[in-house]
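Worksheet for the structure shown next.
Values quoted throughout were computed directly from the atomic coordinates according to the rules given, and no laboratory measurement underlies them. Nothing here was measured: the structure is a model prediction, and the numbers come from that model. Ideal geometry is used to build each Cβ from the backbone, glycine not excepted, and the neighbour counts take in all protein chains shown.
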Ligand SMILES: *Cc1c(COP(=O)(O)O)cnc(C)c1O
């Protein structure tokens, strides 16, 4: 480790609350799908800061929009109008089919908003419903409401009691979902592709069961697209690809391309039951965040980035599957577009370290899964180069066993 790196680690270990176990790398700049550490080493980024840097690093248009807005006016609060929140909501409505947006600052806040709006909907209708149905292996965030619909005991137990009115059902088990849903269910919440849970897409049969459970019980459907939404899978939203029509969609991660912003997208039916003052946020949807998100949407839609993800994603999948088939310890490859999990027969953490040594950034989730969420701007040639490095890391991982 360099002297600079030693300094950084020592200071953090003394002053920063120790909630993160970090890899021993300090990144100082980036360009497209490449980032550089304090020693000037180059890495290909197959993680984008956990699905955030959709436009890659130091994207010229995003950098310009953020700099220009910072020099003009960053924040005024939701007590006043500004030009960009309505524009952003309009664009998100066109993309999602849900006509209204509430802005916040993160994924977990977007989920919290959806849960509150679902409760509010039933309360306003004069037939309050308390219950939520969520999936095993789900991850929806770290605040109390989102944590209550997150299944992992490791995240939950130190903070219990959480919301008592959550029922968990087995992912992709239609029968258990159909028997859990009732007239007490305010909403069913699901990630169309479980992200932290190991990149597990919902099956079409289970998606059909969600639609059936909602129509029988009247329950709302919340699609948590914080990770899978906004072009990540080559579709605007993966719930639509599964044939689902959510009443609420939570988004975050890629929305600001690195500037923190999230949103709850809401159907008219639900929006009609929301009153002034029901929910709010000091920062939510400020000028800076909206300018950044507008820039991301311009790239995704006007400049055809979602269509590009579709094309490059197919290439990525072909190369990834060919690579995986060479390694006997790979038991499954799952995902869509540019959202992939490589599931191993053993703990995947050493792959992350082996990747960093070879100049490729990935992460591990659900113990055995190597997660790949490259910037959406990645090209076929960059994908080949990055997967070549990952292949070398997997070979070293296999040899070390
Ligand atoms: C990351 C994530 C969240 C939480 O987002 P934060 O911005 O970390 O609060 C919620 N839901 C899903 C599906 C996620 O992937």
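Before moving on, here are some points about what is shown:
- Subtracting the Cα-Cα distance of residue 170 and residue 269 from 0.36 nm times their residue separation leaves 32.7 nm of extension gain.
- Virtual paramagnetic centre 7 Å along Cα→Cβ of residue 4, amide N under 13 Å, in segment 13-35: 25-30
- Using alpha-carbon coordinates, inclination of helix 83-96 to the longest axis of the chain, degrees: 90
- Alpha-carbon centroid distance for the pair segment 186-256 / segment 16-95, whole angstrom: 24
- Top of 85, 18, 268 by mean-square fluctuation, Gaussian network on the chain, Cα under 10 Å: 18
- Candidates 242, 17, 73, ranked by Gaussian network fluctuation over the chain, Cα under 10 Å, top entry: 17
- Calculated diffusion of segment 73-302, Stokes-Einstein form, Kirkwood radius summed over Cα pairs, 4 °C and 1.567 mPa s, µm²/s: 74
- 0 to 90° range, to nearest 10: angle between helix 204-217 axis and the chain longest Cα axis: 20
- Seen against the Cα atoms of the chain and their longest principal axis, helix 60-70 is set at about 60 degrees.
- The separation of segment 324-383 from segment 108-142, counted between C-alpha centres, amounts to 32 Å.
- Rounded FRET efficiency, nearest 0.05, which uses the C-beta distance separating residue 63 from residue 332 and R0 of 51 Å: 0.85
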